[in-house]
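The structure appears right after this line, and notes come after that.
The values are calculated or read from the model by the stated rules, or taken from the named source; none is laboratory data. Only a predicted model underlies this, so the values are computations on that prediction, with no experimental measurement involved. All Cβ positions, glycine included, derive from the backbone under ideal geometry; neighbour counts span all protein chains shown.
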Amino acid sequence: MSIAPYGTGSVVKTAIFCIVIFIAGIFLPQPGGVVFSVAAILFLLFTLYFYRDPERSTPVGKGEFVAPADGKIVLKQTVNHPVTGPGSTLVSIFMSPFNVHVNRIPLDGKVRGCQYHEGKFLMAFDHRSMSDNERMEITLDTAAGPVWFCQVSGFVARRIVCDLKTGQQVMRGSRFGMIKLGSRVDIALPASFRVTATEGEKTVAGETVLAQAGGF
């Protein structure tokens, strides 16, 4: 399994640190030294696991909106959203530290804009984090109308990575960034979409269909 390109630097730094600790543990008085060495190995293995980037099989059906993140749906409600309008559906996906954290484009389209907001680092499952936490809001113009999704940092996650540019054409299922450690991704879909996602449902980025765009 490959390592996400967004995490290569972190993996290298962690590997160097863990190797130093492992070697130091060999020369420290035992059994304390063994504990240090084992802890270093476990930490390195977790880092490699966290930054894993498996391939995904993206659906090919027209108008299918796929999950931009792995995780669990913790919120689904009707809202009046400033981008997608009245009668929109808001869906929130919570990502634990054990989920794959690479984010994927949910539908073919053109990036209208990306807006970064500084903020707090509340627990990602706290719904106040949608408006209070550090986040990156992305608006995508699609054949079915504008859609909005937002990378939100969490209490542990302190870095958002997004390599999208305004005016960029994107394809459903392609990678566009990640949120490092626990976090969430919020999604707003206009009323023209038939949302099939349900609270409690587990999602796989680039594969799980959350909604069907109208007119397809």
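Could you give me the residue pairs with C-beta distances under 6 Å whose first residue belongs to the stretch 94-106 and is in a strand (DSSP E or B), whose second residue is acidic (Asp, Glu) wherever it lies, and which are 6+ apart or on separate chains?
Val102/Asp53
I'm trying to understand the selection: among the residues of the stretch 29-40, which are loosely packed, with under 15 Cβ neighbours inside 10 Å and of a type in the set (A, V, I, L, M)?
Val34, Val35, Val38, Ala39, listed by residue number.
For (1) of a type in the set (Asp, Glu); (2) outside the structural domain of Met136 (by TED's automatic domain parsing); (3) modelled with pLDDT under 95, each residue gets a yes or a no:
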residue	(1), (2), (3)
Gly9	no, yes, yes
Lys13	no, yes, yes
Gly25	no, yes, yes
Val34	no, yes, yes
Pro68	no, no, no
Lys72	no, no, no
Pro97	no, no, yes
His101	no, no, yes
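Going by the conditions given, is Val74 β-branched (Val, Ile, Thr), over 19 Å from the mean Cα position of the chain (by Cα) and more than 16 Å from Lys180 (Cα to Cα)? Working first, answer last.
Working: β-branched (Val, Ile, Thr): yes; over 19 Å from the mean Cα position of the chain (by Cα): no; more than 16 Å from Lys180 (Cα to Cα): yes.
Here the answer is no, as Val74 does not meet what is asked.
Here are some residues: Val20, Val11. Which one is assigned to a helix (DSSP H, G or I) and in contact (Cβ under 8 Å) with a residue 40 or more places away in the chain? First the steps, then the outcome.
Working: Val20 fails: in contact (Cβ under 8 Å) with a residue 40 or more places away in the chain.
Sole residue among the options that is assigned to a helix (DSSP H, G or I) and in contact (Cβ under 8 Å) with a residue 40 or more places away in the chain: Val11.
Every residue, every condition in (1) over 18 Å from Thr84 (Cα atoms); (2) of a type outside the set (Lys, Arg); (3) out of contact with any Ser or Thr (no Cβ under 9 Å at 6 or more places or on another chain); (4) assigned by TED's automatic domain parsing to the domain that holds Gly87, yes or no:
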site: Val161; (1), (2), (3), (4): yes, yes, yes, yes
site: Leu164; (1), (2), (3), (4): yes, yes, yes, yes
site: Ser174; (1), (2), (3), (4): yes, yes, no, yes
site: Ile179; (1), (2), (3), (4): yes, yes, no, yes
site: Ser183; (1), (2), (3), (4): yes, yes, no, yes
site: Ala188; (1), (2), (3), (4): no, yes, no, yes
site: Arg194; (1), (2), (3), (4): no, no, yes, yes
site: Ala197; (1), (2), (3), (4): no, yes, no, yes
site: Glu201; (1), (2), (3), (4): yes, yes, no, yes
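For the stretch 12-68, what are the residues that are among the β-branched types (Val, Ile, Thr), in contact with a Gly (Cβ under 7 Å, 6 or more places away or on another chain) and closer than 30 Å to Leu107 by Cβ?
Of everything in the stretch 12-68, those that are among the β-branched types (Val, Ile, Thr), in contact with a Gly (Cβ under 7 Å, 6 or more places away or on another chain) and closer than 30 Å to Leu107 by Cβ turn out to be Thr58, Val66.
Which pairs do you get when a residue that is surrounded by fewer than 19 Cβ atoms within 10 Å (Cβ to Cβ), found in the stretch 62-75, comes within reach of a residue that is modelled with pLDDT of 95 or more and of a type in the set (D, E, K, R), reach meaning Cβ atoms under 6 angstrom, with the pair 6+ apart or on two chains?
From residues that are surrounded by fewer than 19 Cβ atoms within 10 Å (Cβ to Cβ), the pairs are Lys72/Lys202.
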